[in-house]
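Reading through the structure tokens given below for one structure.
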Amino acid sequence: MRSALSHLRVLDLSRILAGPWCTQNLADLGADVIKVERPGSGDDTRHWGPPWLPRREGERPDSVYYASTNRNKRSIAIDIACAAGQQLVRELAARSDVLIENYKAGDLARYGLAYADLRAVNPRLVYCSITGYGHSGPYAGKPGYDFIFQGQGGLMSVTGERDELPGGGPQKAGFAVADVLTGMYAGVAILAALQARERSGAGQHIDMALLDCVVALGGNHATSYLHTGEVPRRWGNAHPNMVPYQVFATADGHIVVAAGNDGQWQRFCQAIERPELATDARYASASGRIVHRPDLVPKLERALLLRDSADWLQRLEAAAIPSGPINDYRQVFADPQVRHRGLHANIPLPDDEAGCATVASPLRLCDTPPRYRLPPPRLGQHTGEILSGLLEKTPEDIARLRAEAVIG
């Protein structure tokens, strides 16, 4: 089976989440991703357990967190703080199409591994940097994590229950959305730069910032502010411009209902056995339902408490009302649609019949689909293979580098 990016080699000097998320997507599509790690410790997330991946007796286990973003890669352990290690990275960059790194702005220049340095070695190299604030501006040298950027970039100002309600106040997303989003944007930028290289013959530097990506994520809220000057606020599980469009408690749990137009509103009222609401002039239009939200929503809440979630969802589906359950991950992976789409994949592990469970890529290409060729690599697992096969180092060269602690 063909792979869309099997002609590309990616040199991955990133760790934690944003960079590895990007390179895993490229690897899933067939790119040869070489993960450069610090000897002895490797990617920080290897140690973010429990839970742990199964490993052979005597081997240090890697965390499941690490496994979630590092399949389909090869690992080489190089000490880039020493001159010989820096030279190995230059040799690898000379044979690569893409390099991605998430060191603090300016850090790699100290090792002679900045874009300007490696462009001299390989003018066709697409070099992608991921930092918190970017490589320019007053904050360029500041460190930061996903949580910081969710707050600073506006996301937490519109996430969480309304301030006037119990539990109101800013709330972060339940996963590292700034990291994941930046990884996705970085992938788009890299593929665009590779397309540009097809015409120009030259690579380029890509400067990705978590703060930039979080601000861009809030595009509809941010654009509204830029046009009106009104600061968007938190609405919890409600919607500022549509009613009903929120979570409702039922007799045995909660469901999501999203009646987005007047026709759906009319059918919704019939489905919940409150036909008088459909004929009430106050609620007939979308704007009327917004204006009269404080009066209308409690009536809907009382109605939805009368039946259990499964009953309501069956009735709402029959009425063609967008609605759904609120699943935990046990329920997600038991869901018939999720099972049909094959979102639970498995990668074989040596000496482990259960293998490494992974969430399948959502990228669906009919001719060149993602493939799961390799489990998350052990630290330095492919060091010898890469040095001998790609850089043509002899066994004696490799032994010397290992003795000098240049490689792990």
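A few points about this structure:
- Picking from residues in the stretch 157-202 that are in a loop (DSSP other than H, G, I, E, B) and of a type in the set (G, A, S), the one that is nearest to D328 (Cα to Cα) is G174.
- Hits in the stretch 372-383 - residues which are surrounded by 17 or more Cβ atoms within 10 Å (Cβ to Cβ) and either touching a Gly at 6+ places or on another chain (Cβ under 8 Å) or not aliphatic (A, V, I, L, M) (or both): Y372, P375, P376, P377, R378, L379, G380, Q381, H382, T383
- Flag if I398 is assigned to a helix (DSSP H, G or I), surrounded by 17 or more Cβ atoms within 10 Å (Cβ to Cβ) and on the phi < 0 side of the Ramachandran plot: yes
- Residue in the stretch 320-343 that is within 24 Å of W21 (Cβ to Cβ) and in contact (Cβ under 8 Å) with a residue 40 or more places away in the chain present: no
- Condition broken by A81, with the remaining ones in (1) open to solvent by 60 Å² or more (accessible area, probe 1.4 Å); (2) part of a loop (DSSP other than H, G, I, E, B); (3) more than 21 Å from L391 (Cβ to Cβ) satisfied: (3)
- Lone unmet requirement of (1) in contact with a strand residue (DSSP E or B) (Cβ under 6 Å, 6 or more places away or on another chain); (2) part of a helix (DSSP H, G or I); (3) not small (G, A, S) for Y66: (1)
- Subset of the stretch 153-197 [exposed (fewer than 15 other Cβ atoms within 10 Å of the Cβ), more than 25 Å from R15 (Cα to Cα) and at pLDDT 95 or above]: Q195, A196
- Residue match in the stretch 296-313 (condition: polar (S, T, N, Q), surrounded by fewer than 15 Cβ atoms within 10 Å (Cβ to Cβ) and within 35 Å of the chain's Cα centre (by Cα)): no
- Residues within the stretch 203-220 that are in contact (Cβ under 8 Å) with a residue 40 or more places away in the chain, assigned to a helix (DSSP H, G or I) and open to solvent by 50 Å² or more (accessible area, probe 1.4 Å), tallied: 3
- Residue count, the stretch 26-36 (criterion: open to solvent by less than 10 Å² (accessible area, probe 1.4 Å) and under 25 Å from A81 (Cβ atoms)): 3
- Subset of the stretch 1-25 that is more than 18 Å from Y185 (Cα to Cα) and basic (K, R) - its residue that is least open to solvent (accessible area, probe 1.4 Å): R9
- In summary, A67 fulfils each of the numbered conditions (1) touching a residue at least 60 places away in the same chain (Cβ under 8 Å); (2) open to solvent by 30 Å² or more (accessible area, probe 1.4 Å) with the single exception of condition (2).
Conditions tested, residue by residue: (1) of a type in the set (V, I, T); (2) over 25 Å from Q331 (Cα atoms); (3) buried (at least 19 other Cβ atoms within 10 Å of the Cβ).
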residue	(1), (2), (3)
N237	no, no, no
P240	no, yes, no
V247	yes, no, no
V256	yes, no, no
G260	no, yes, no
W265	no, yes, yes
C269	no, yes, yes
R274	no, yes, no
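- Pick from the stretch 92-120, criterion touching a residue at least 60 places away in the same chain (Cβ under 8 Å) and among the acidic types (D, E), ranking: farthest from I76 (Cα to Cα): D97
- Of all residues in the stretch 85-96, those satisfying the criterion of being open to solvent by 30 Å² or more (accessible area, probe 1.4 Å) and either touching a strand residue (DSSP E or B) at 6+ places or on another chain (Cβ under 7 Å) or basic (K, R) (or both) are R90, R95.
The values are calculated or read from the model by the stated rules, or taken from the named source; none is laboratory data. Treat the numbers as computed from the prediction; the structure is a model and nothing was measured. In this analysis, Cβ positions are derived from the backbone assuming ideal geometry, glycine residues included, and neighbour counts consider all displayed protein chains. What goes into the accessible areas is simple: the full protein's heavy atoms, side chains included, and nothing from ligands, DNA or RNA. Shrake-Rupley method; radii C 1.70, N 1.55, O 1.52, S 1.80 Å.
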